[in-house]
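Enquirer: Dropping a structure here in structure tokens format, bear with me for questions.
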Amino acid sequence: MNDIVYKKRRDRLLEMLDDGVGVIVSAEQKTRSNDTEYPYRQASDFYYLSGFEEDNSVLLFIKSAKVSKALLFVQPKDEAMELWTGRRLGVDTARKRFDVDEVHGIERYEEMLKEALKERTHLYLDLFSDDLRYAVAKGHCKSLVDDRSSKKSPRHYIDVSEKIRTMRLLKDEHEITSIRSALAITEMAHHDAMRQARPGMKEYSIQAAIEYQFKHNGAYSDAYTTIVAGGNNANTLHYISNRDTLEEGVLVLIDAGCEYAMYASDITRTFPVSGTFSPAQRALYEMILDVQLRIIAEIRPGIVKKYLQERSELWLCEGLVGLGVMHGEPTALIEAKRHKKYFPHGIGHWMGMDVHDPCPYVDEEGEELFFQAGMILTIEPGIYIREDDTDVPERYRGIGIRIEDNILVTETGYENLSDGIAKTVDEIEAMCIS
Ligand code: GLY
Ligand code: MN
Ligand code: MN
């Protein structure tokens with residue numbers, strides 16, 4: 001992405017700050033065991049403002065009546081360390097490449113932070129992070145408060161991540177393009193899974209096919225752990241063990257999406273391992289698909305997510321009554337929360353750099369945010385009927401179905417960014433036998 005994008009974001013954040021200092025830290029390396037690390041992935045808020053991918057780095061914002069600037073602290077060049085852990089840009093190259101006001105070696109960070117905090121009133125930080133670097137910054141504030149020689153000291157801690165995540169709600173063209181690229185790869189992966197799945201295969205073999213497509217097509221990572229759930233396993237919402245055998249005749253629920261250029265995709269498809277839906281599977285599937293399409297058709301600027309949640313609960317409940325899965329009057333069943341047994345989760349969530357983008361759903365008064373063009377969310381109705389649920393006709397037992405797409409809110413309504421992934425019964429059956 002063009003570096004000017006990051007500079008504009010930093011400038012917008014600086015405009016929102018009062019007199020004070022903002023600290024935003026990179027992700028830390030995470031130990032897997034002994035001296036072996038998990039693959040490194042930069043913190044989304046930090047990357048959103050810097051475009052910088054290395055660990056052990058910090059962004060410092062300084063704002064006063066006279067100054068408004070951003071400083072980036074990076075690891076210095078170190079040949080011995082780079083032999084083991086890979087190339088570092090170093091201070092000079094980072095200074096040339098990133099249009100930050102100042103770039104310094106990370107060894108200068110604490111001293112410069114302490115200096116910057118003097119005579120300031122606010123410390124902006126990720127208030128709810130347990131990263132030690134935030135605790136250290138607060139420790140410096142305390143020293144300044146204790147040292148009564150200063151006229152002002154930073155006594156106000158403000159959550160800067162809330163400001164950044166509000167910015168992250170509205171995706172710009174670069175971000176939407178990255179999500180489109182992620183989805184193009186995820187589409188190939190889901191189609192390949194439908195083509196390859198056969199009774200007798202292990203769930204993890206299908207997972208391997210999906211993740212092969214991700215990496216083979218340039219997506220370094222998944223955006224979350226792939227779910228491949230055959231039959232009743234689909235009724236475990238976060239089923240990630242993926243170790244069972246796919247039995248003849250079951251449905252396979254796959255929830256999988258790659259991350260591309262730091263942006264997520266999040267897609268669920270459910271298809272018959274044997275290539276054709278049974279009448280009961282098909283009836284349930286088409287009911288859920290119908291609700292999904294009707295919910296997506298409601299998306300436009302000005303609505304709130306709660307409206308979609310309420311509509312989806314009502315329509316799914318009506319559908320379940322229509323199929324004889326539930327009995328009674330839908331609004332009364334919803335009032336009694338009886339539908340939650342079969343539709344226990346939300347209709348969707350924000351998606352962006354993180355699969356569950358941590359952007360706000362409500363404003364400062366706690367009122368639901370109105371949808372605006374540029375927001376991206378998932379729509380993912382699902383119905384889960386356990387195999388031991390004797391309240392339900394036998395033909396529906398052991399079926400779990402979710403259908404999930406990624407939707408961009410536009411000025412006039414919406415665009416389904418994952419529209420190319422097989423979804424109707426006919427499209428899926430054609431893909432499964434191809
Ligand atoms: N894949 C996680 C979710 O659908 O929310
Ligand atoms: Mn999702
Ligand atoms: Mn998902």
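Enquirer: Give me T177, T424 sorted ascending by neighbouring Cβ count inside 10 Å, so fewest comes first. All intermediate terms of the calculation are to be shown ahead of the outcome.
Expert: On the way: T177 15, T424 12.
Exposure proxy ranking, most exposed first: T424, T177.
Enquirer: Can you list the lysines whose alpha carbon is less than 28 Å from that of K337, not counting same-chain residues fewer than 8 positions off?
Expert: Result set, ordered by chain and number: K305, K306.
Enquirer: Where a Cα-Cα gap under 17 Å defines reach, which aspartates and glutamates qualify for K341, not counting those fewer than 8 residues away within the same chain?
Expert: E310, E313, E318, E329, E380, E387, D388, D389, D391, E394
Enquirer: Can I ask one more? How far, in nm, would the chain grow between K30 and L127 when pulled straight, counting 0.36 nm per residue and subtracting the alpha carbon separation? The partial results should precede the final answer.
Expert: Values: separation 97, 0.36 × 97 = 34.92 nm, distance 2.09 nm.
Roughly 32.8 nm would be gained on extension.
Enquirer: Only loop residues by DSSP count here, and only those with at most 16 other Cβ atoms within 10 Å; note down the GluC sites (Glu not before Pro) in segment 221-264 that meet that. Can you show the working numbers first?
Expert: Values: sites: E247, E248, E259; in loops: E247, E248.
In loop regions of segment 221-264 (DSSP not H, G, I, E or B), the sparsely surrounded GluC sites (Glu not before Pro) are E247, E248.
Enquirer: Separate question: Can you pull the one-decimal nm distance between simple spin-label points at Y361 and D19, each 7 Å off the Cα toward Cβ?
Expert: 3.9
Enquirer: Using DSSP to call loops (not H, G, I, E or B), can you name the GluC sites (Glu not before Pro) in segment 1-67 whose Cβ has at most 15 other Cβ atoms within 10 angstrom?
Expert: Details: sites: E15, E28, E37, E53, E54; in loops: E28, E53, E54.
Answer in residue order: E28, E53.
Enquirer: Only four residue types carry charge here, +1 at the Cβ of Lys and Arg and -1 at the Cβ of Asp and Glu. Report the dipole size of the chain about the Cα centre in Debye, rounded to the nearest 20. Don't skip to the end; give the middle numbers.
Expert: Numbers: 54 positive and 74 negative charges, 187 e Å.
Magnitude of the dipole: close to 900 debye.
Enquirer: Next question, about the same structure. Along the Cα-to-C-beta direction of Y307, a point sits 7 Å from the Cα; which residues of segment 343-372 have their amide N less than 20 Å from that point?
Expert: What the label zone holds, given the 20 Å backbone N cut-off, is 346-351, 360-372.
Enquirer: Dividing the alpha-carbon Rg of the chain by 2.2 N^0.38 Å yields what? Before the final figure, lay out each step's value.
Expert: Details: Rg = 24.8 Å, N = 434, 2.2 N^0.38 = 22.1 Å.
Relative to the 2.2 N^0.38 Å estimate, the chain comes out at 1.12.
Enquirer: Would you be so kind as to identify which of G348, P154, V228 lies farthest towards the positive end of the dipole of the chain, taking Lys and Arg as +1 and Asp and Glu as -1 on Cβ and the Cα centre as origin?
Expert: Projecting each Cα onto the dipole axis, the largest value belongs to P154.
Enquirer: Still on this model: Quick one: dipole size for segment 92-249, taken about the Cα centre, charges +1 on Lys/Arg Cβ and -1 on Asp/Glu Cβ, in debye to the nearest 20.
Expert: Details: 24 positive and 27 negative charges, 107 e Å.
Dipole of segment 92-249, to the nearest 20 debye: 520 debye.
Enquirer: I'd like the antiparallel share, as a percent to the nearest 5, of DSSP beta bridges with both residues in segment 1-137.
Expert: Beta bridges within segment 1-137, antiparallel portion: roughly 65 percent.
Enquirer: With 25 Å as the limit, write out which pairs from K63/K114; K8/K63; K163/K340; K8/K215; K8/K171; K163/K215 have Cα-Cα distances beyond it, or answer none. Walk me through the intermediate numbers first.
Expert: Values: K63/K114 14 Å; K8/K63 16 Å; K163/K340 34 Å; K8/K215 32 Å; K8/K171 14 Å; K163/K215 33 Å.
Beyond 25 Å between Cα atoms: K163/K340; K8/K215; K163/K215.
Laboratory data are not the source of any read-out in this text; all were calculated from the coordinates shown. Predicted model only: the values in this text are computed from it and were never measured. Positions of Cβ are generated from backbone atoms using ideal geometry, with glycine treated the same way; all protein chains shown enter the neighbour counts.
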